[in-house]
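Below: one structure, written as structure tokens.
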Amino acid sequence: AFPGDLVVTTTSGFDHVDLDAAAARGVTVARVPLARRDAVVEWSVGAMIALMRRFPALDRAAAEGRWARDALPALEPRTLAGSRVLVIGLGVIGSKMATTLASLGADVLGTDPAGVPEGVQPVSLAEGLAEADAVTVHCELTPSSRGLLHAGALDALAAHAVVVNSARGPILDVAAAVARLRDGRLRGLAVDVFPVEPWPGLAEAAIPGVILAPHAAGYALGLGRRVADGVTGALAAWRAGGPIPWAIRARD
């Protein structure tokens, strides 16, 4: 029923748009991926560092009045520098994440059907999971990525590994990840997106070593202005008849 020829989603993700239907009707679809990019990267890096360095455990000890310095050897805090981090999805946000991780001294592994940028070691998902000290998810939600980190895939991770998902909820089996952390088969888990939102299992998932956020990673001061800039940029290009920034085409 849409009479126009341009749809702009204010998000980076676009799984909520029927690209095939848009293409069939001659409608261009564009997105605004830069508005939340840096905030998502910062949240993901911050969560990863907190879990790898065991900040939640130390903070909990302090809240209980315990000076936990003697627990440090058992906690085995790890630095990003020298760690192997698997980035799943190396688009706008994932490539920025890879650059940021490399600047902090991490050995960055990457998997993406479209290829990986220079400086990232290309691996298959199975290879990356087997080698990773940390995993961060930044891929699109597609039929092939839905359920990508299922229980069996999570079993390939080392017990000291941490998992961060700030991409799309259905990519990760949250309950399976929480169960592995509860059993000591995972060091940490940070989840910003859920298969169902609001997530009905928040209370059950809020155990030590888990960081949960209400789809908040991309939200930071000035977001409205950044979104407006992206939308007006697309509209200005459309009005001028030029190439529209961040236009999306239907998959083959």
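Things to note:
- Charge tally for ARG54 (other residues, Cβ to Cβ under 9 Å; Lys, Arg +1; Asp, Glu -1): +2.
- Under the convention that each Lys and Arg Cβ holds +1 and each Asp and Glu Cβ holds -1, the size of the dipole of the chain around its Cα centre is about 440 debye.
- Loop sites here are GluC sites (Glu not before Pro) outside DSSP states H, G, I, E and B with no more than 15 other Cβ atoms within 10 Å. The longest part of the chain free of them is 119-252.
- Label-to-label distance, nm, for residues given as ASP15 and ALA216 (7 Å Cα→Cβ offset): 2.2 nm
- Euclidean distance of C-alpha centroids, region 30-82 and region 114-162, integer Å: 20 Å
- Sequence-ordered 3J(HN,Hα) estimates for region 16-21 from the Karplus curve with 6.51, -1.76 and 1.60 and θ = phi - 60° stand at 8, 10, 7, 5, 5, 5 Hz, glycine and proline given as x.
- With every protein chain in place, region 19-109: carbon and sulfur % of accessible area (1.4 Å): 53 percent
- Region 50-179, dipole about Cα centre (Lys/Arg Cβ +1, Asp/Glu Cβ -1), debye to the nearest 20: 360 debye
- Accessible surface of region 140-202, 1.4 Å probe, proportion on carbon and sulfur as whole %: 59 percent
- The chain - accessible surface per residue (Å², probe 1.4 Å): 51 Å²
The values are calculated or read from the model by the stated rules, or taken from the named source; none is laboratory data. All values reported here derive from a predicted model rather than from experimental measurement. Positions of Cβ are generated from backbone atoms using ideal geometry, with glycine treated the same way; all protein chains shown enter the neighbour counts. When the accessible area is computed, the model is the full protein with side chains, heavy atoms only, and any ligands, DNA or RNA have been set aside. Shrake-Rupley method; radii C 1.70, N 1.55, O 1.52, S 1.80 Å.
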